[in-house]
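J.: I have a structure I would like to understand better, so I am pasting it below and will then ask my questions one at a time.
The values are calculated or read from the model by the stated rules, or taken from the named source; none is laboratory data. Computed from a predicted model, the values in this text were never measured in an experiment. Positions of Cβ are backbone-derived with ideal geometry, glycine not excepted, and every protein chain shown enters the neighbour counts.
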Amino acid sequence: MKTLLRLLLKSQHQRNRSGPDQTENGMTLVELLVGAIMAFIIITPMLGFVVDMLNTDRREQVKSNTEQDLQAAADFISQDLSQAIYIYDNNSATTSTPTTTPTGIPAIKDQLPKPANGTPILVFWKQQPRKNSVPFNPEVAKTVKPKDCDTNPGKCNDTYVLSLVAYYQFKDSDATWCQPSGGPCPTRIARYEITDGIRDPNATNTTDPNYPYYKDSETKDTQRRDLAFNTSFDFSKPTVNVTMPGAVFPAPEVLVNYIDHSTGPAVTGTECQTALGNPIDQRTATAIGEATLRIPSPDDKINSFYACVDTSKNLARVTIRGNSQRRLQANDTDYNPKKAAFFPTATVQVKGLGAVGK
């Protein structure tokens, strides 16, 4: 019995001694290499999938941002145009004849702002509201001036001033509007506004240098006349005295950037005529041509920002095409029918409802 017990203890002691030697054995270099290869095989496709998903998400976000920007710009132009009194078409006539009256941008181009690399596309007159700006009777006007109206509630009325609005398409290499840099820059749409000042309804002294306006000391900046505004303008002669000769124009405000400037999808030769209901020149009883209705002319193949205008009906249709690819990369961003989703388009058609005195 003692011999059997001794053998069992000896056997257990040997197992206890051999146990640590077995557990101290690590992975071999081959096993590590096989594990690394397996991890690479598994992780690489997953990493590619994640990167592709992130790129797709970025492209979709850029497309969505471009669509939203275009729609916001179109909505702004629509609201602006709804107050129009007179919209200039593309009539090439610059002088009156028995059958022709100048009505277009070509006749007033020399009187408009002349920025480098900027082209006027949509030009019109409108009434601009000025809230709480005119003392409501002569008695109140003795102590309350337009600049004081905000601090004197109930003592001033709203009024309107005449404004000339011009939307331009700019194509240049200004780095501010050309990101990412390195390739052809996109174009942008900017808005000029040349505004009349608030007139004093109680002014009677025609020899006063301020007549018929309030003095600058009585008004705020937004209530004063722009130096380029011509007080001699008359709607009966819409292409004469449009602005003051030699005056400095107000700086334009950018409405939207990343407008395409590559050759776009073809536009039908009668698009404006069809969209505007085939307008007729009442003086000659003939159809108004596409070249008169469309700005710029149908010869322009870009088609990224153009207007169809029927001056006689005070009606305009505006089309804008963006370029979301230009937000992502500097090169290879020209219009491609296979990538049309990256070139969203917004169109609005508006009848101006403004009138002098409204």
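J.: Can you tell me which residues in the stretch 55-92 are of a type in the set (D, E, K, R), in contact with a helix residue (DSSP H, G or I) (Cβ under 9 Å, 6 or more places away or on another chain) and part of a helix (DSSP H, G or I)? Can you show your working first?
T.: Initial filter on the stretch 55-92 (of a type in the set (D, E, K, R)): 57-60, 63, 67, 69, 75, 80, 89.
Now narrow it down to the ones that are in contact with a helix residue (DSSP H, G or I) (Cβ under 9 Å, 6 or more places away or on another chain): 58-59, 63, 89.
Once the filter is applied, which keeps residues that are of a type in the set (D, E, K, R), in contact with a helix residue (DSSP H, G or I) (Cβ under 9 Å, 6 or more places away or on another chain) and part of a helix (DSSP H, G or I), the stretch 55-92 yields ARG58, ARG59, LYS63.
J.: Please indicate, with yes or no, whether at least one residue in the stretch 40-54 is part of a helix (DSSP H, G or I), at pLDDT below 75, farther than 23 Å from ARG321 by Cα and of a type in the set (S, T, N, Q).
T.: no
J.: Checking ASN230 against (1) at pLDDT below 95; (2) more than 30 Å from SER262 (Cα to Cα); (3) among the polar types (S, T, N, Q), which single condition isn't satisfied?
T.: Tallying (1) at pLDDT below 95; (2) more than 30 Å from SER262 (Cα to Cα); (3) among the polar types (S, T, N, Q), ASN230 fails exactly one: (1).
Conditions tested, residue by residue: (1) farther than 23 Å from GLU67 by Cα; (2) under 20 Å from the mean Cα position of the chain (by Cα).
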{"site": "ILE259", "(1), (2)": "no, yes"}
{"site": "ILE280", "(1), (2)": "yes, no"}
{"site": "THR286", "(1), (2)": "yes, no"}
{"site": "LEU315", "(1), (2)": "yes, no"}
{"site": "ASN323", "(1), (2)": "no, yes"}
{"site": "ARG327", "(1), (2)": "no, yes"}
{"site": "LYS338", "(1), (2)": "no, no"}
{"site": "VAL356", "(1), (2)": "yes, no"}
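J.: Under 6 Å by Cβ, and 6 or more places apart or on different chains, what pairs join a residue from the stretch 339-358 that is touching a residue at least 24 places away in the same chain (Cβ under 8 Å) with one that is of a type in the set (D, E, K, R) and assigned to a helix (DSSP H, G or I)?
T.: Here the result reads PRO344/GLU67, each pair linking the stretch 339-358 to a residue that is of a type in the set (D, E, K, R) and assigned to a helix (DSSP H, G or I).
J.: A further question on this structure: For the stretch 214-221, indicate whether the set of residues that are surrounded by 13 or more Cβ atoms within 10 Å (Cβ to Cβ), among the acidic types (Asp, Glu) and free of Cβ contacts under 8 Å to residues at least 60 places away in the same chain is non-empty.
T.: Yes, the stretch 214-221 contains at least one residue that is surrounded by 13 or more Cβ atoms within 10 Å (Cβ to Cβ), among the acidic types (Asp, Glu) and free of Cβ contacts under 8 Å to residues at least 60 places away in the same chain.
J.: State which residue pairs qualify: first residue at positive phi and inside the stretch 127-146, second residue crowded, with 18+ Cβ neighbours inside 10 Å in any location, beta carbons under 7 Å apart, and separation of 6 or more residues or different chains.
T.: Partner pairs satisfying both residue conditions: ASN132/CYS149; ASN132/CYS156.
J.: Please enumerate the residues belonging to the stretch 264-294 that are in contact with a Phe, Trp or Tyr (Cβ under 7 Å, 6 or more places away or on another chain) and polar (S, T, N, Q).
T.: Result: no residue meets the conditions.
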